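One structure is given below, encoded as structure tokens.
The values are calculated or read from the model by the stated rules, or taken from the named source; none is laboratory data. Note that the structure is a prediction, hence the values are computed from the model and not measured. Every residue, glycine as well, gets a Cβ built from its backbone with ideal geometry; the counts of neighbours run over all protein chains shown. The area values use the complete protein model at the heavy-atom level, side chains included, leaving out ligands, DNA and RNA. Shrake-Rupley method; radii C 1.70, N 1.55, O 1.52, S 1.80 Å.
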Amino acid sequence: MILRLTDSPALEAARHIAATLRAAGHASCFAGGCVRDLLLDHAAKDFDVATSATPTEIIALFPRTQQVGAHFGVILVLHEVAGEDTTTEVATFRHDGAYLDGRRPDAVRFTTDPREDVQRRDFTINGMLLDPAQITDSPDTPQVDVSAVLDFVGGREDLAQKLVRTIGSPELRFTEDKLRMLRGVRFAARFGFSIDSGTLAAIQLLAPEIAQVSCERVRDELTRMLTEGHARRAFELLDLSGLLAQVLPEITRMHGVQQPREYHPEGDVFVHTMLLLAQLPPGASPTLAWGMLLHDVGKPATFQPPNPAKPGDRIRFNGHVEVGVRIAEEILRRLRFSSDETAQIIALVRHHMQFGDVKLMKQSTLKRFLRLPKFEEHLALHRADCLSAHADLSLYDYAKSAYETTEPDVVRPTLFVTGRDLIAAGYKPSPRFKQMLEAAEDAQLEGQIATTEEGLQLLANRFGPT
């Protein structure tokens, strides 16, 4: 069977590095995800090289290197392709010692045996090697016979069975690096695979230990799950594995929180949120993805059943937006999101119910709404929200049309009245300046004033003379 590779700077650089290592008498292989992706007929983004050369020997062979993990046998090699630098990770075959910190081995022993090296890796589908010397250049694209794949761990069989399984003892693999539990879930979701029963049982047993992983690493793994195109499957597996209750207990609390059927025939808040995640395409922005996940996070805490004393009353979530904002802020702070990402995600949570009034808004209110940063993400969240519930897109269509047909200088015009204008007119700076400026801007957005003089007269009539 012939495997075809997608030519790229990363592949060219990795082939050059592997050939240089071979010419110096060292074994060299492509390792890990790139081999998996090749067998799945997916284009690999990165090509990691594993070699019998020690870090010192690697550094001696290449003029430009970075020692990011020489103690663990990992060197970054820079190679120029088509005028631009490409960075390739080159790692020495090794055997790992104990993982005392639950992330990195306390010590490593270098080896020349690739069979020994793959035994330390996480999952069988990531534990295969490829001999790059067997790659040939055809007129169309590089190609290689599948026999060039070195599989000492049963990875090809697990790919055929669509199975995520650890190499060796799952308890040992997850004890070594707790993040592997999240990675296993992500791989299963990304490729549409199942998780091996023993591997899943180990995750369920060790799920509480994910707390030992840094918040940043957890955040990044969850963000990948949300943006790789299989977010619903990923979060359902997180829930099944017990990891969701550990990393995002606020989401598990959505289970069983019923909603009024006239607005949400799909079911409870968890079901509704999973339906939103199902609409996230590959490459979705992290802020939109997290906004979708968290938009209704305030509902469990604000659930109010129908009042039996009021015939026809329904389930209500009074104040769920305000509560949701506070909960989302705590989650984003805990996971150490940047201030810019936090601001956008919180804005998505804060404004997601505002679409309900979009046809009734004054022009000033509508224009302020339309000029929210990244308003297209607000539109995307609202559309997914509707399609995951009642499926009525009339408010979405109205807002989208207004957004696309209103010129930017109409929603954010040059202001007729500024603080300087107020001071020049004789007003003394005071806390009421904010109210006055907002009133003047409202009047301008409503088309009630067309000059600075008209704005100042309006303010004099409303707030009194200077």
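The set of residues from the stretch 370-398 being crowded, with 17+ Cβ neighbours inside 10 Å and of a type in the set (K, R) comprises just one member, R383.
The set of residues in the stretch 175-198 that are among the polar types (S, T, N, Q) and either surrounded by fewer than 16 Cβ atoms within 10 Å (Cβ to Cβ) or without any contact (Cβ under 8 Å) to a residue 40 or more places away in the chain (or both) comprises S194, S197. Do we have any residue at all in the stretch 162-174 that's open to solvent by less than 50 Å² (accessible area, probe 1.4 Å), part of a helix (DSSP H, G or I) and either within 30 Å of P9 (Cβ to Cβ) or basic (K, R) (or both)? Checking the stretch 162-174: at least one residue is open to solvent by less than 50 Å² (accessible area, probe 1.4 Å), part of a helix (DSSP H, G or I) and either within 30 Å of P9 (Cβ to Cβ) or basic (K, R) (or both).
Within the stretch 304-329, the set of residues being among the acidic types (D, E), open to solvent by less than 80 Å² (accessible area, probe 1.4 Å) and modelled with pLDDT of 95 or more comprises just one member, E329.
Within the stretch 300-314, none of the residues are touching a helix residue (DSSP H, G or I) at 6+ places or on another chain (Cβ under 8 Å), part of a loop (DSSP other than H, G, I, E, B) and not aliphatic (A, V, I, L, M). Scanning the stretch 283-298 for residues that are over 10 Å from the mean Cα position of the chain (by Cα) and either surrounded by fewer than 20 Cβ atoms within 10 Å (Cβ to Cβ) or not in a loop (DSSP other than H, G, I, E, B) (or both) gives G291, M292, L293, L294. Taken as a whole, the condition of being over 19 Å from the mean Cα position of the chain (by Cα), under 20 Å from R165 (Cα atoms) and in a helix (DSSP H, G or I) does not apply to A211.
Looking only at the stretch 409-429, decide whether some residue is within 25 Å of V349 (Cβ to Cβ) and either part of a helix (DSSP H, G or I) or aliphatic (A, V, I, L, M) (or both). Yes, that holds for at least one residue. In the stretch 114-125, of all residues being surrounded by 14 or more Cβ atoms within 10 Å (Cβ to Cβ) and of a type in the set (D, E, K, R), the one that is farthest from the chain's Cα centre (by Cα) corresponds to E116.
Matching residues to (1) at pLDDT 90 or above; (2) charged (D, E, K, R); (3) touching a strand residue (DSSP E or B) at 6+ places or on another chain (Cβ under 8 Å):
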| site | (1), (2), (3) |
| --- | --- |
| T54 | yes, no, yes |
| I58 | yes, no, yes |
| F72 | no, no, yes |
| E80 | yes, yes, yes |
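One residue alone among L415, L437, L379 is closer than 30 Å to A231 by Cα, of a type in the set (A, V, I, L, M, F, W, C) and out of contact with any Pro (no Cβ under 7 Å at 6 or more places or on another chain), and that residue is L379. Would the stretch 126-139 turn up any residue that is among the charged types (D, E, K, R), in contact (Cβ under 8 Å) with a residue 60 or more places away in the chain and either open to solvent by 10 Å² or more (accessible area, probe 1.4 Å) or out of contact with any helix residue (DSSP H, G or I) (no Cβ under 8 Å at 6 or more places or on another chain) (or both)? There is at least one residue in the stretch 126-139 that is among the charged types (D, E, K, R), in contact (Cβ under 8 Å) with a residue 60 or more places away in the chain and either open to solvent by 10 Å² or more (accessible area, probe 1.4 Å) or out of contact with any helix residue (DSSP H, G or I) (no Cβ under 8 Å at 6 or more places or on another chain) (or both). Each residue in the stretch 356-384 was checked for being in contact (Cβ under 8 Å) with a residue 40 or more places away in the chain and among the hydroxyl-bearing types (S, T, Y), and 1 of them qualify. Of all residues in the stretch 40-64, none satisfies the criterion of being surrounded by 19 or more Cβ atoms within 10 Å (Cβ to Cβ) and at positive phi.
Return yes when L206 is open to solvent by less than 20 Å² (accessible area, probe 1.4 Å) and touching a residue at least 60 places away in the same chain (Cβ under 8 Å) and no when it is not. Taking the combined requirement at face value, the residue does not satisfy it.
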